[in-house]
Amino acid sequence: MTGSTPAPVPSSPPARRPVLLVVDDQSTTIQTLYQVFAKDHQVLMARSAQAALQVCATQLPDLILLDVMMPDMDGYALCTQLKTDARLRDIPIIFVTTHDDEVAETRGLDAGAVDFISKPINPRIVRARVRTHLTLKAQSDQLRRQAYVDGLTGLSNRRHFDETLEREWNRARRQGAALSVVLLDVDFFKRFNDRYGHLGGDDCLRRVAGVLADSIKRPADVSARYGGEEFACILPDADLAGALQFADQLRLRVRALDIAHAHSDVAPVVTISLGVGHAVADAHHDTQSLLQLADAQLYAAKSDGRDRVCGAQLVAG
C-alpha cells in the first residue's frame, strides 16, 4: 500500500504585535522598558511630550507608558491633552513615576490615566499591568466596532455615518477643504420584497453593500447603510466631478450584479439611483445642508427615471 503525503496545513497569519509608546526623558527608563517589551511588542519611544504628540500623529499606539516629570510639558498635562483628541482618547495611559503618594495618583487618574506604576520598575509587575490593560482595550475596541456596524450588511451604521460626517465637516471647514456625500436607493425595493420575500430582499441589500465596500479605496472614505434600502458614502476631499464619477461606477457595478427584479419599471435587474451633494465647507452651512442637497439630488434622479446619478454643489453663503 502506497502512503501519501498529507497536504500542508495553512498557517495562520502572525498576530499583530501591540504598539507601546514609552514617554520619558530618562534614557535609562526607556531602555529598561524597551528590554521588557521588545520581544512581543513594537516599542515606540519619545523623550518629551511634544515628541510623543508627533508620534501619535502618525502612528496610533495601543498603550502609552508615561513619565510624570518631563521638561517641556509634564505627564499630567500631556495625558489631559491626549484625552481631548477623539483619535487618541481611548488609548490607555499608565503613569510610570517615582511619585507613589495618594495625591499624585489621584491627579493622574483624574487626568485620564488607567494605572500607576512606581519606579524603580519591576519587570513582572509592569508586564502584568500592560497585559491587563491591552486586553481591556481590545475588548472595548471590539464593542465600539460592533456599536458602529450595521448587522445585516456589515457596513457602517447610521450612527457611525452621522458622527463621521460631522467630524469630516469640521475638519474640512478648518482647512477650507471639499467634502462630498453620496446617497443611493435601491429602485422599487418594496416591489422586490413583495416579489422575492424578505430573505431575498436581505440578500439583495447585502450584495449591494458588497459593491459599496469593494468600491471604497481611500482610508478616509466611508460607506454606510443609511436606513432601509438606502445607503450613503462620505468622500472627503473629493471634488464634484470625482464624486459623480464614483457614484456612476457604483450604479454600473450594482447593475452588473444581474440580480433579477421582475417588477421593476427600470430594468429586469436591480438598479440604484444616486444623489451627490458637494461643498467646500464654510460657516454658512452644516452637515444638514449637505445631506439635504444630496437627498434633493437623489429625488431628482428618481424623478428623471431612476438608474441614474444627479449631483450639485452647495452655493457659497
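The values are calculated or read from the model by the stated rules, or taken from the named source; none is laboratory data. Please read all numbers here as calculations on a predicted model, not as lab measurements. Glycine also receives a Cβ, built like all others from the backbone with ideal geometry; neighbour counts cover every protein chain displayed. Heavy atoms of the whole protein, side chains included, go into the accessibility calculation; ligands, DNA and RNA do not. Shrake-Rupley method; radii C 1.70, N 1.55, O 1.52, S 1.80 Å.
Numbers for the structure displayed
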quantity: Residue 213 vs. criteria surrounded by 15 or more Cβ atoms within 10 Å (Cβ to Cβ) and either of a type in the set (A, V, I, L, M, F, W, C) or closer than 17 Å to residue 311 by Cβ (or both); calculated: no
quantity: Any pair with Cβ under 7 angstrom, 6 or more apart, that starts in segment 107-125 at a residue that is farther than 23 Å from residue 28 by Cα and ends at one that is assigned to a helix (DSSP H, G or I) and among the basic types (Lys, Arg); calculated: 112/83
quantity: Selection count, segment 217-239, where residues are within 23 Å of residue 173 (Cα to Cα) and open to solvent by less than 40 Å² (accessible area, probe 1.4 Å); calculated: 10
quantity: Test: residue 231 is outside any helix (DSSP H, G or I) and either farther than 12 Å from residue 308 by Cα or among the charged types (D, E, K, R) (or both); calculated: yes
quantity: Segment 65-78 residues that are free of Cβ contacts under 8 Å to residues at least 60 places away in the same chain, paired with ones that are among the hydroxyl-bearing types (Ser, Thr, Tyr) and open to solvent by less than 10 Å² (accessible area, probe 1.4 Å) (beta carbon under 6 Å, 6 or more apart); calculated: 68/97
quantity: Any hit, segment 242-249, residues being in a loop (DSSP other than H, G, I, E, B) and either open to solvent by less than 10 Å² (accessible area, probe 1.4 Å) or among the small types (Gly, Ala, Ser) (or both); calculated: no
quantity: Residue list for segment 55-79, filter: in a strand (DSSP E or B) and touching a Ser or Thr at 6+ places or on another chain (Cβ under 8 Å); calculated: 67
quantity: Only one of 225, 158, 207, 218 that is farther than 22 Å from residue 253 by Cβ and not polar (S, T, N, Q); calculated: 158
quantity: Subset of segment 119-139 [charged (D, E, K, R) and open to solvent by 40 Å² or more (accessible area, probe 1.4 Å)]; calculated: 119, 124, 127, 129, 131
quantity: Selection within segment 80-103 - aliphatic (A, V, I, L, M), surrounded by fewer than 16 Cβ atoms within 10 Å (Cβ to Cβ) and assigned to a helix (DSSP H, G or I); calculated: 103
quantity: Pairs with Cβ under 7 Å, 6+ apart, first in segment 191-203 and open to solvent by 70 Å² or more (accessible area, probe 1.4 Å), second not hydrophobic (A, V, I, L, M, F, W, C); calculated: 191/263; 191/264; 195/263
quantity: Residue tally, condition over 11 Å from residue 315 (Cα atoms) and open to solvent by 30 Å² or more (accessible area, probe 1.4 Å), over segment 282-294; calculated: 4
quantity: Test result for residue 258, outside any helix (DSSP H, G or I), of a type in the set (D, E, K, R) and free of Cβ contacts under 8 Å to residues at least 24 places away in the same chain; calculated: yes
quantity: From 279, 316, residue being small (Gly, Ala, Ser), in contact with a strand residue (DSSP E or B) (Cβ under 9 Å, 6 or more places away or on another chain) and surrounded by 14 or more Cβ atoms within 10 Å (Cβ to Cβ); calculated: 279
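Here's the yes/no breakdown for (1) open to solvent by 70 Å² or more (accessible area, probe 1.4 Å); (2) assigned to a helix (DSSP H, G or I); (3) within 26 Å of residue 247 (Cα to Cα); (4) in contact with a His (Cβ under 6 Å, 6 or more places away or on another chain):
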{"position": "110", "(1), (2), (3), (4)": "yes, yes, no, no"}
{"position": "117", "(1), (2), (3), (4)": "no, no, no, no"}
{"position": "141", "(1), (2), (3), (4)": "no, yes, no, no"}
{"position": "146", "(1), (2), (3), (4)": "yes, yes, no, no"}
{"position": "151", "(1), (2), (3), (4)": "yes, no, yes, no"}
{"position": "209", "(1), (2), (3), (4)": "no, yes, yes, no"}
